[in-house]
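The next block holds one structure in the form of structure tokens; read it before the comments.
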Amino acid sequence: MRWKAFGIVIAAVLALPFAAFADNPPAPHAHGLFLAGSVVSADSGQVTVDVSLTGKNDQQLDGKQVVVAITADTKIDYGKGQSSIDPGDLVGVHATAADASLTTLTARRIHVACNCHWAAGKLTAISPGLIRVDVAKTGPFDKVLNGNEVKFDIDSSTKFVEGKDKQTITIADLSIGDTVGVVFSASGFFRDPNFNWQDATFTAKLVHLRRDKGEASTPAGDGAAGTNP
């Protein structure tokens with residue numbers, strides 16, 4: 001029950017603010033357009049976005065990296081837990097274009113959300129740069145991962161915690177067969193009809209270890225299963 005509750009909370013807090021426009025992107029305006037994707041860089045005057053979703057009349061931007069100007073008239077809506085636009089965040093942008101080429105864009109409204117998803121299951125492989133999880137539970141928008149072995153990349157910003165008190169640990173404390181919950185970012189939108197999870201990159205933000213009382217485990221360094229990516 002604890003994992004179910006944790007998954008529901010993660011999904012509600014992190015996924016819902018962005019799901020609405022990922023699921024149903026707004027219809028294009030007569031003098032505007034819509035795009036969504038992950039932030040590459042941002043400052044007070046512009047945001048650079050890797051576009052992975054657009055309005056139906058703006059598909060020439062899909063898959064491209066675009067720069068959108070931010071002005072004093074741009075309205076920015078921050079999702080729960082967000083207070084700035086940072087690399088890796090997900091943004092939905094209503095913008096205007098200078099002409100039909102859509103090369104010069106100015107944001108009218110930006111919605112900012114954490115690129116966060118959740119999955120849980122048993123560890124099947126552990127390496128310095130990745131873990132693999134036999135996924136048994138997910139958030140409501142990530143169900144395509146359920147029942148699959150999924151790779152999660154590990155980087156210098158990935159945090160590892162254990163137990164109810166979320167005691168800080170390291171990847172060395174993980175063992176094959178452990179149950180973990182993973183909060184992760186994804187390169188793309190699960191709700192996009194063209195999204196293929198097997199081609200996507202998932203990067204772990206938080207790995208939460210749950211080890212049952214008295215559970216025996218195999219250290220990550222012992223045996224081929226613990227070292228093969």
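Just want to confirm a number: the relative contact order over the stretch 56-129, from Cα pairs under 8 angstrom separated by 6+ residues, in percent.
Dividing the mean separation by the residue count of the stretch 56-129 yields 35 percent.
Which three extents, in angstrom, do the Cα atoms of the stretch 116-226 have along their principal axes, listed largest first?
Computed over the stretch 116-226, the largest-to-smallest principal extents equal 43, 31, 27 Å.
Could you give the length gained on full extension between Ser44 and Gln59, defined as 0.36 nm per residue of separation minus the Cα-Cα distance, in nm?
Result: 2.7 nm gained on full extension.
Could you tell me which trypsin sites (Lys or Arg not before Pro) in the stretch 110-213 are loop residues by DSSP with no more than 10 other beta carbons within 10 angstrom of their beta carbon?
Those satisfying the criteria are Lys164, Lys213.
How high is the FRET efficiency from Ala98 to Ser127, r the C-beta distance, R0 45 Å, rounded to 0.05?
E(calc), rounded to 0.05, equals 0.40.
Which FRET efficiency value, to the nearest 0.05, do you get for Val67 and Asp165 by plugging their Cβ-Cβ distance into 1/(1 + (r/R0)^6) with R0 = 45 Å?
0.55
Between Ser156 and Lys75, what is the spin-label point distance in nm, taking each point 7 Å from the Cα along the Cα→C-beta axis?
3.9
Just so you know, all these numbers are worked out from the coordinates, no wet-lab data involved. Since the structure is predicted, the reported quantities are computational estimates derived from the model, not experimental observations. Note that each Cβ is placed from the backbone with ideal geometry, even for glycine, and that neighbours are counted across all protein chains shown.
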